[in-house]
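Novice: Have a look at this one before I ask anything.
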Amino acid sequence: MAYFIKQIPKSETALLIMDAQLKIMYPIKNKDLILENIYKLLKAYEILGENIYISEQNPIKLGSTVDKLLPKTDFKTFEKMDFSIANNKKLNDELSLKKIKQLIICGFETHICILQSVLGFLKNNFKVIIVADSMSSRRIIDHDIAIERMLSEGAILASSESII
């Protein structure tokens, strides 16, 4: 059975890098591969000059985004104290202002902050693309189950290469 998904213009799409902070990533075994995939996505997005956003979980305790993943072009960082960034008023105001309808999401940890954020964005009628090889959790089973749950709720699965 074939079906077609309406393409959303790239100007209405944003890359959201979630919680790429050293203290969060440290216990994750495949973090180097994930970081490299996120870096490739970031570089592609910088070339396009499109919308790039970063979330940081409690940066006072967990530190800032790793330097390698800080864009050289215009971007905005949003701090959060809860797991989901989907209800962050400043981020939602920014997305509304720029008429963003689609989010490409990557980062850490799949089963906590990414899962809660994706579910929130879907509830708020965003089209959400999860980049499975650009996110991870400490345990693979947690990552895999979170991916399945996000897909069952309406997220779209992609790889970093397919996004690029």
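The values are calculated or read from the model by the stated rules, or taken from the named source; none is laboratory data. Computed from a predicted model, the values in this text were never measured in an experiment. When we count neighbours, we look across all protein chains shown, and the Cβ atoms used for this are built from the backbone with ideal geometry, even at glycine. These area figures cover heavy atoms from the full protein model, side chains too; ligands, DNA and RNA do not enter into them. Shrake-Rupley method; radii C 1.70, N 1.55, O 1.52, S 1.80 Å.
Novice: Note down the net charge around N87, summing +1 for each Lys or Arg and -1 for each Asp or Glu among other residues with Cβ under 15 Å from its Cβ.
Specialist: On the way: positive: K80, K89, K90, K123; negative: E79, D82, D93, E94.
Every neighbour counted, the sum reads 0.
Novice: Something else now. Out of (i) 171; (ii) 111; (iii) 195, which label holds the value of volume of the Cα convex hull per residue in Å³ that was computed here?
Specialist: Computed from the coordinates, volume of the Cα convex hull per residue in Å³ corresponds to (ii).
Novice: Using Cα springs under 10 Å in a Gaussian network model of the chain, which residue among P59, P71, P27 shows the largest mean-square fluctuation?
Specialist: P27
Novice: Here's another thing I want to ask about it. Of the heavy-atom accessible surface of the chain (probe 1.4 angstrom), what whole percent is carbon and sulfur? If you can, show how the numbers build up before the last one.
Specialist: Numbers: 5080 of 8870 Å².
Of the solvent-accessible surface of the chain, carbon and sulfur hold 57 percent.
Novice: Tell me the per residue accessible area of region 59-114 using a 1.4 Å probe; a whole number in Å² is fine. Please report the intermediate quantities before stating the final value.
Specialist: Numbers: 3130 Å² over 56 residues.
Accessible area per residue, region 59-114: 56 Å².
Novice: I want to check the label-to-label distance for E153 and M81. Put each point 7 Å from Cα in the C-beta direction and report it in nm to one decimal.
Specialist: Result for the modelled spin labels: 2.3 nm.
Novice: With the chain treated as a Gaussian network of Cα nodes joined by springs under 10 Å, which of I38, I17, I112 yields the largest mean-square fluctuation?
Specialist: Per the Cα network of the chain with a 10 Å cutoff, I112 tops the list.
Novice: Quick one: length gained pulling K72 to N124 fully straight, 0.36 nm per residue minus the C-alpha distance? Show your work: numbers first, answer last.
Specialist: Details: separation 52, 0.36 × 52 = 18.72 nm, distance 2.97 nm.
Extra length available between K72 and N124 comes to 15.7 nm.
Novice: Right, next: Pop out the ³J(HN,Hα) list for region 115-127 in order, Karplus 6.51 cos²θ - 1.76 cosθ + 1.60 with θ = phi - 60°, rounded to Hz; leave Gly and Pro as x.
Specialist: Each residue of region 115-127 in turn: 4, 4, 5, 4, 4, x, 5, 4, 4, 8, 6, 8, 7 Hz.
Novice: Let me check against my output: what whole-number percent is the relative contact order of region 1-148, with C-alpha pairs under 8 Å and at least 6 apart? Walk me through the numbers before you get to the answer.
Specialist: Numbers: 243 pairs, mean separation 43.7, N = 148.
Relative contact order here is 30 percent.
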